[in-house]
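The block underneath contains the structure these notes are about, expressed in structure tokens.
The values are calculated or read from the model by the stated rules, or taken from the named source; none is laboratory data. No experiment lies behind these values; they were computed from the predicted model shown. A quick note on method: Cβ atoms are made from the backbone with ideal geometry, for glycine too, and the neighbour counts reach across all protein chains shown.
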Amino acid sequence: MVFEVPKLRYDYNALEPYIDEKTMRIHHDKHHAAYVDKLNSALEGNAEFRHKTIEALLTDLNAVPEAIRAAVRNHGGGHYNHTLFWEMMAPKAGGKPSGEVALAIEKDLGGFDAFKEKFKNSGLNQFGSGWAWLVVSKGKLEVISTPNQDNPISQGKVPILGVDVWEHAYYLKYQNKRAEYLDQFFNVINWKNVEELYLKAKM
Ligand SMILES: [Fe+2]
């Protein structure tokens, strides 16, 4: 399989003023593209593994030959994380969740405000580069963070919301103010997508 950067479903400037156009252009067209290129070159010439889906590769990293394991973990993770991330945001979104995921947030995490604080702190306390996630683990919601481009599926957990806390995700607009970026991220969360991923994860 030759992996590709998916087209954004909204304009580069559609998440303004929370996520600026310039960041979106560089993030999507340059950073994500670089992960895809490096993933494709790592898999080139590996007949067995180049046909697997990105989910299959990351779910069982130990099965990936050692020579390309780190590349698949980092660049494949980068490709998968960003593919999810673009869908987890939307213009005119944010607000509070509804439906099943809202009930689960209430039950498993103590309500929306508690979730919000936990999710924000998870992104804030991730030292260096990484991601904060809302995941389904053994049928329950959890908030976790991962370093670098690791994805929760490599730990058997299903991500339903994630926020990129690499500096490339926010530095142009927010500089060193990661907390402010995380606060504003709540204005672009695509809860409809989160609900769909939640229902799928619970099946
Ligand atoms: Fe990123």
Seminar exercise, completed: G128: passes all of (1) on the phi > 0 side of the Ramachandran plot; (2) more than 16 Å from the ligand (Cβ to nearest atom) but (2)
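Check I68, I54 and return the single one that is within 16 Å of the ligand (Cβ to nearest atom) and either at pLDDT 95 or above or surrounded by 15 or more Cβ atoms within 10 Å (Cβ to Cβ) (or both). Outline the logic, then answer.
Numbers: I68 fails: within 16 Å of the ligand (Cβ to nearest atom).
Answer to the check: I54.
From the list L141, L172, pick out the single residue that is within 16 Å of the ligand (Cβ to nearest atom), aliphatic (A, V, I, L, M) and more than 14 Å from the chain's Cα centre (by Cα). Please lay out each step first, then the result.
Working: L141 fails: within 16 Å of the ligand (Cβ to nearest atom).
After ruling out the rest, the residue left standing is L172.
Just checking, does the stretch 111-124 include any residue being farther than 30 Å from K38 by Cβ and of a type in the set (F, W, Y)?
Kept after step one, since they are farther than 30 Å from K38 by Cβ, are these residues of the stretch 111-124: 111-118, 120-121.
Next, from what is left, pick out any that are of a type in the set (F, W, Y): 112, 115.
There is at least one residue in the stretch 111-124 that is farther than 30 Å from K38 by Cβ and of a type in the set (F, W, Y).
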Seminar exercise, completed: Picking from A33, A104, the residue that is under 28 Å from F186 (Cβ atoms), at pLDDT 95 or above, small (G, A, S) and crowded, with 20+ Cβ neighbours inside 10 Å would be A104
Problem set entry | Elements of type helices (runs of 4 or more DSSP H) contained in the stretch 50-97, each with 1 or more residues being without any contact (Cβ under 8 Å) to a residue 60 or more places away in the chain and either assigned by TED's automatic domain parsing to the domain that holds E195 or within 19 Å of K157 (Cβ to Cβ) (or both) | 54-59
For this session: Considering every residue within the stretch 125-135, establish whether at least one is assigned to a helix (DSSP H, G or I) and buried (at least 20 other Cβ atoms within 10 Å of the Cβ).
Result: no
Seminar exercise, completed: Considering residues that are within 15 Å of the ligand (Cβ to nearest atom) and not acidic (D, E), the number found within the stretch 13-50 is 18
Problem set entry | Filtered residue count, the stretch 85-101, keeping only those that are surrounded by 18 or more Cβ atoms within 10 Å (Cβ to Cβ) and in contact with a strand residue (DSSP E or B) (Cβ under 9 Å, 6 or more places away or on another chain) | 7
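Among I26, I19, which is in contact (Cβ under 8 Å) with a residue 60 or more places away in the chain, surrounded by 14 or more Cβ atoms within 10 Å (Cβ to Cβ), in a helix (DSSP H, G or I) and among the aliphatic types (A, V, I, L, M)? Step through it out loud before you land on a result.
Working: I19 fails: in a helix (DSSP H, G or I).
None of the other options fit; the residue is I26.
Taking the condition assigned to a helix (DSSP H, G or I), among the aliphatic types (A, V, I, L, M), touching a residue at least 40 places away in the same chain (Cβ under 8 Å) and within 14 Å of the ligand (Cβ to nearest atom), does V101 pass?
Values: assigned to a helix (DSSP H, G or I): yes; among the aliphatic types (A, V, I, L, M): yes; touching a residue at least 40 places away in the same chain (Cβ under 8 Å): yes; within 14 Å of the ligand (Cβ to nearest atom): no.
For V101, the condition - assigned to a helix (DSSP H, G or I), among the aliphatic types (A, V, I, L, M), touching a residue at least 40 places away in the same chain (Cβ under 8 Å) and within 14 Å of the ligand (Cβ to nearest atom) - is not met.
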Exercise. When only residues in the stretch 172-199 that are part of a helix (DSSP H, G or I) and free of Cβ contacts under 8 Å to residues at least 12 places away in the same chain count, which is surrounded by the fewest Cβ atoms within 10 Å (Cβ to Cβ)?
Worked result: E180
